[in-house]
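Asks: Input: one structure, supplied below.
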Amino acid sequence: MRVFKFGGASVKSASAVKNVGEVLRTQSEGPLVVIISAMGKITNKLEKLMDAYFHNKDDKRILYKEILNFHSEIIKDLKIAENDYYEVENLLIELECKIEKKRDETSSYDVEYDRIVPFGELISTKIVSTYLNKIGYKNRWIDARNFVITTNKNRAANVIWEESVPLINSSLKPLVERQTIVTQGFIGRGLNHKNTTLGREGSDYTASIFAYALDAESVTIWKDVDGVMNADPRKFENAVLIEKLSYNEAIELAYYGASVIHPKTIQPLKNKGIPLYVKSFVDPAKPGTVVLENESRTLNETQCYIVKENQSMITIASKDFSFIVEDNLEIIFNAFNTAGIQLNLMQNSAISFMASFNEDELKANYLSEILIEKFNVSLAKGHTLLTIFNYNKTNSEMEEIIGQRNVVLEQKSNSALQLLLI
Ligand code: ADP
Ligand code: ASP
Ligand code: MG
């Protein structure tokens, strides 16, 4: 039994969907679960639609129309009778009805987000599954929300393994043995029976949840790059492929923000010793990267560069000149947790605490509101966080990398150097 995951880029157009059909036809054998994300950048569009709906903005209907047209165009280009897609149509109508209905004023932003944004995955999997059946690649569409049972924490739900694993084993496994299953990444159902999502880019994680529960022999994540590289090839033209990584190295790279794999993906696979392949859907014959257990460090001296743009930097200083030690740190960390902000880098001195996190105006303002009573807070945007993993550079090489920018925070550990630049 194997698990394949296709992300947004692999299903961004009709020709991309056809290519998925080709990859499946040539690369799959034996029982298979196929996890698919929303098409192209549709999740971003749905987030905008959700915001417009929540705040009753004028562009709500325009955004819905764009989503409708995007999918209709793909269906048309796939050249399959439109009546075969009535289930997709039903989903689009359901979405339209949701955004037209007056909002329940007691419902929070995050709850409403999880009602609307999962439509991206539901629609994309219906389209791909229908298309595959039509070209003779027999498969069955399954609703992942029946199997991925989570906490009720909207937009950042945690899997409840004790609930999900038995369900997948008893109800899904027999189906996988009979035919290929097509299902959604990213979405789940809370214990309160309402929709949840696992956090942006969470479909990789879904693949590893299913693989863990099914004791799969491997997971393959199909990407628009040759595999995991030592830097994002869009940003570093000399990036090279890493053929083999240990689970721990992959966890560290993902943790520092190498966005090619979602950070939560590796741990469940590591626990069961399931290998993860990251391969190119453009050129499936290429070997790609394999992540598996390995006692020794497989990266050796290979330096990896991870760039996170759009970082906010916050400086927090106590108003009463008290030291930033345990009691104040407790207040500060609680505030980050309450505001739903994850820190990418942090540092503290005697009287101040500095940190960087992904820019998000709403969350940053909320954080300031919580802290302002006890602390002086200053926020600045537009920073870049550069992490060099396996750091081993001379001063002049570093000067070249940093260029005209200023280093505002610097942190060094055994394995990585992190610089916050402006
Ligand atoms: P998906 O379609 O599965 O969501 P993503 O767009 O999230 O795929 O991930 C693929 C992209 O990740 C690549 O196009 C590449 O630009 C970027 N990327 C960032 N870091 C790396 C890295 N270290 N190795 C390979 N790709 C990387
Ligand atoms: N569609 C979701 C997102 O864009 C999940 C994923 O693609 O992994 O974040
Ligand atoms: Mg992605």
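Asks: For the stretch 59-70, state whether one or more residues are within 16 Å of ligand 2 (Cβ to nearest atom) and of a type in the set (Val, Ile, Thr).
Replies: For the stretch 59-70, residues within 16 Å of ligand 2 (Cβ to nearest atom) and of a type in the set (Val, Ile, Thr): present.
Asks: Counting only residues that are basic (Lys, Arg) and under 21 Å from the mean Cα position of the chain (by Cα), which one in the stretch 135-158 is modelled with the highest pLDDT?
Replies: Among them, the one singled out is Arg145.
Asks: In addition: For the stretch 18-51, how many residues are under 26 Å from Glu217 (Cβ atoms) and either of a type outside the set (Lys, Arg) or in contact with a strand residue (DSSP E or B) (Cβ under 8 Å, 6 or more places away or on another chain) (or both)?
Replies: Total meeting the criteria: 18.
Asks: On to the next question. Residue under question is Val307, and the condition is that it be open to solvent by 20 Å² or more (accessible area, probe 1.4 Å), closer than 24 Å to Leu421 by Cβ and of a type in the set (Val, Ile, Thr); does it hold?
Replies: Yes: the conditions hold for Val307.
Asks: Kindly indicate which of Ser349, Ser318, Ser312, Ser322 is closer than 18 Å to His383 by Cβ and either among the polar types (S, T, N, Q) or touching a Pro at 6+ places or on another chain (Cβ under 8 Å) (or both).
Replies: Going through Ser349, Ser318, Ser312, Ser322 in turn, just one is closer than 18 Å to His383 by Cβ and either among the polar types (S, T, N, Q) or touching a Pro at 6+ places or on another chain (Cβ under 8 Å) (or both): Ser312.
Asks: Checking the conditions here, which among Ser259, Ser218, Ser203 is away from ligand 3 (no atom under 13 Å from the Cβ) and among the hydroxyl-bearing types (Ser, Thr, Tyr)?
Replies: Ser218
Asks: Do you know which residues across the stretch 174-191 are free of Cβ contacts under 8 Å to residues at least 60 places away in the same chain and either open to solvent by 10 Å² or more (accessible area, probe 1.4 Å) or touching a Gly at 6+ places or on another chain (Cβ under 6 Å) (or both)?
Replies: Selection gives Pro174, Leu175, Arg178, Gln179, Arg189, Leu191.
Asks: Show me the strands (runs of 3 or more DSSP E) entirely contained within the stretch 327-422 in which 2 or more residues are polar (S, T, N, Q).
Replies: Of the strands (runs of 3 or more DSSP E) lying wholly inside the stretch 327-422, those with at least 2 residues that are polar (S, T, N, Q) span 345-348, 352-358, 375-389.
Asks: Could you tell me whether Ile242 is over 26 Å from Ile401 (Cβ atoms), in contact with a Leu (Cβ under 9 Å, 6 or more places away or on another chain) and among the β-branched types (Val, Ile, Thr)?
Replies: Here the answer is no, as Ile242 does not meet what is asked.
Asks: In addition: Is it the case that Thr197 is closer than 23 Å to Phe70 by Cα and open to solvent by less than 10 Å² (accessible area, probe 1.4 Å)?
Replies: yes
Asks: Tally time: how many residues in the stretch 230-250 are aromatic (Phe, Trp, Tyr) and not in a loop (DSSP other than H, G, I, E, B)?
Replies: Residues that pass the stated criteria total 1.
Asks: Residues that are touching a Phe, Trp or Tyr at 6+ places or on another chain (Cβ under 7 Å): list the helices (runs of 4 or more DSSP H) wholly contained in the stretch 116-180 that include at least 2 such residues.
Replies: Where helices (runs of 4 or more DSSP H) fall fully within the stretch 116-180 and carry at least 2 residues being touching a Phe, Trp or Tyr at 6+ places or on another chain (Cβ under 7 Å), they are 119-134, 161-167.
Asks: So, one more: Say whether the condition of being under 30 Å from Gln27 (Cβ atoms), open to solvent by less than 20 Å² (accessible area, probe 1.4 Å), touching a helix residue (DSSP H, G or I) at 6+ places or on another chain (Cβ under 9 Å) and not in a strand (DSSP E or B) is met by at least one residue in the stretch 271-287.
Replies: Scanning the stretch 271-287 turns up at least one residue that is under 30 Å from Gln27 (Cβ atoms), open to solvent by less than 20 Å² (accessible area, probe 1.4 Å), touching a helix residue (DSSP H, G or I) at 6+ places or on another chain (Cβ under 9 Å) and not in a strand (DSSP E or B).
Asks: Is it fair to say Thr206 is at pLDDT 95 or above, in contact with a strand residue (DSSP E or B) (Cβ under 9 Å, 6 or more places away or on another chain) and more than 21 Å from Leu276 (Cβ to Cβ)?
Replies: It is false that Thr206 is at pLDDT 95 or above, in contact with a strand residue (DSSP E or B) (Cβ under 9 Å, 6 or more places away or on another chain) and more than 21 Å from Leu276 (Cβ to Cβ).
Asks: Does Lys194 satisfy being more than 16 Å from ligand 2 (Cβ to nearest atom) and either touching a residue at least 12 places away in the same chain (Cβ under 8 Å) or on the phi < 0 side of the Ramachandran plot (or both)?
Replies: Criteria met by Lys194.
Asks: Still on this structure, please answer the following. Can you tell me which of Gly227, Gly188 is in a strand (DSSP E or B) and of a type in the set (Gly, Ala, Ser)?
Replies: Gly188
Asks: If you take the residues of the stretch 243-252 that are open to solvent by 10 Å² or more (accessible area, probe 1.4 Å), touching a residue at least 40 places away in the same chain (Cβ under 8 Å) and not basic (Lys, Arg), which of them is farthest from Ser413 (Cα to Cα)?
Replies: The extreme case among them is Glu243.
Asks: Please list, ordered by residue number, the helices (runs of 4 or more DSSP H) wholly in the stretch 1-104 having 3 or more residues that are within 16 Å of ligand 3 (Cβ to nearest atom) and open to solvent by 10 Å² or more (accessible area, probe 1.4 Å).
Replies: Qualifying helices (runs of 4 or more DSSP H): 42-54.
Asks: Turning to a different aspect of this structure: Quick check on this structure: which one of Val117, Val111 is modelled with pLDDT of 95 or more, in contact with a strand residue (DSSP E or B) (Cβ under 7 Å, 6 or more places away or on another chain) and not small (Gly, Ala, Ser)?
Replies: Val117
The values are calculated or read from the model by the stated rules, or taken from the named source; none is laboratory data. Just so you know, these numbers come straight off a predicted model, no measurement behind them. As a convention, Cβ positions derive from the backbone with ideal geometry for all residues, glycine included, and neighbour counts pool all protein chains shown. Surface areas here come from the heavy atoms of the whole protein model, side chains and all, with no ligands, DNA or RNA. Shrake-Rupley method; radii C 1.70, N 1.55, O 1.52, S 1.80 Å.
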